[in-house]
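Working notes, structure below.
The values are calculated or read from the model by the stated rules, or taken from the named source; none is laboratory data. As the structure is a prediction and not an experimental result, all values here were calculated from the model. Backbone-built Cβ (ideal geometry, glycine too); neighbour counts: all protein chains shown.
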Amino acid sequence: MRKVAMVTGGAQGIGRGISEKLAADGFDIAVADLPQQEEQAAETIKLVEAAGQKAVFVGLDVTDKANFDSAIDEAAEKLGGFDVLVNNAGIAQIKPLLEVTEEDLKQIYSVNVFSVFFGIQAASRKFDELGVKGKIINAASIAAIQGFPILSAYSTTKFAVRGLTQAAAQELAPKGHTVNAYAPGIVGTGMWEQIDAELSKINGKPIGENFKEYSSSIALGRPSVPEDVAGLVSFLASENSNYVTGQVMLVDGGMLYN
């Protein structure tokens, strides 16, 4: 029986890695991202199809509740079902605490927190409509376990995702749905290139030095790649995790110990 997963922010980075891994696991994939990311999403779709699975692009602004509802309807209609939502989309903001503006907070909460709420609501509705026991997998972070300086707004959004994951898991358990989250550490993607560049402006260290210093604390001796994160998401999307819910699982190579 074919299964369907939708991955938000699936056009690149961790989202692309998750899409490719879930395709290898036998999922058809709805690659959901901003309409202007459709060209980049085409690369993700090629990887999914190379794994022998179907893929479609779904234009989605995760901050728009109605858009989220319609995107999940579109994914289910085009792929013939709906079993897993990966709320992967997110942004970072790198600013000293006292410089964070009201607009900064509105933006990052809309993308990192509101979208997870909207996704949980829309996915649960679709699961119930289709009569399936679904899985919702949210993007947290090591910053959901420990707050980090210069990442105050980001850290608060990821703590919010952690709390929402726990609450939603309890509310949706009677329906048979599970809700979990993955918490990456230092991942070599565009987000960390942005973090490194912004930290460089603040502390004057050369480009690449902040990334190197943060990575030096990793027990396994290297920063992660999207495939590392995708492996955990693969478990959370599989039947092997059927008795796991409400958990935020670190995938950081040994940085924090929860």
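Return the residues of region 209-233 that are without any contact (Cβ under 8 Å) to a residue 60 or more places away in the chain, under 20 Å from A11 (Cα atoms) and part of a helix (DSSP H, G or I); say none if nothing qualifies. Show your work before the answer.
So in region 209-233, the residues without any contact (Cβ under 8 Å) to a residue 60 or more places away in the chain come out as 209-224, 228, 232.
This time we only want the ones that are under 20 Å from A11 (Cα atoms), so: 224, 228, 232.
Hits for region 209-233 are D228, L232.
In region 77-87 there is no residue that is more than 16 Å from the chain's Cα centre (by Cα), β-branched (V, I, T) and within 17 Å of F127 (Cβ to Cβ). Kindly establish whether D28 is among the charged types (D, E, K, R), closer than 22 Å to M1 by Cβ, modelled with pLDDT of 95 or more and outside any helix (DSSP H, G or I). Taking the combined requirement at face value, the residue satisfies it.
Residues in region 194-208 that are free of Cβ contacts under 8 Å to residues at least 12 places away in the same chain and either not basic (K, R) or not in a loop (DSSP other than H, G, I, E, B) (or both): A197, S200, K201, N203, G204, P206, I207.
Among the residues in region 124-135, are any in contact with a Leu (Cβ under 7 Å, 6 or more places away or on another chain) and either part of a helix (DSSP H, G or I) or surrounded by fewer than 18 Cβ atoms within 10 Å (Cβ to Cβ) (or both)? Looking through region 124-135, at least one residue is in contact with a Leu (Cβ under 7 Å, 6 or more places away or on another chain) and either part of a helix (DSSP H, G or I) or surrounded by fewer than 18 Cβ atoms within 10 Å (Cβ to Cβ) (or both). Residue count for region 136-151, restricted to those that are surrounded by fewer than 19 Cβ atoms within 10 Å (Cβ to Cβ) and at pLDDT 95 or above: 2. Taking the criterion of being surrounded by fewer than 16 Cβ atoms within 10 Å (Cβ to Cβ) and of a type in the set (S, T, Y), the residues of region 175-217 that qualify are S216, S217.
Taking the condition of being of a type outside the set (A, V, I, L, M, F, W, C) and in contact with a Lys or Arg (Cβ under 7 Å, 6 or more places away or on another chain), how many residues in region 6-37 meet it? If you could, list the steps in order and put the result at the bottom.
Within region 6-37, the first condition is being of a type outside the set (A, V, I, L, M, F, W, C), and the residues that meet it are 8-10, 12-13, 15-17, 19-21, 25-26, 28, 33, 35-37.
In the following step, the residues that additionally are in contact with a Lys or Arg (Cβ under 7 Å, 6 or more places away or on another chain) were identified as 10, 26, 28.
Count: 3.
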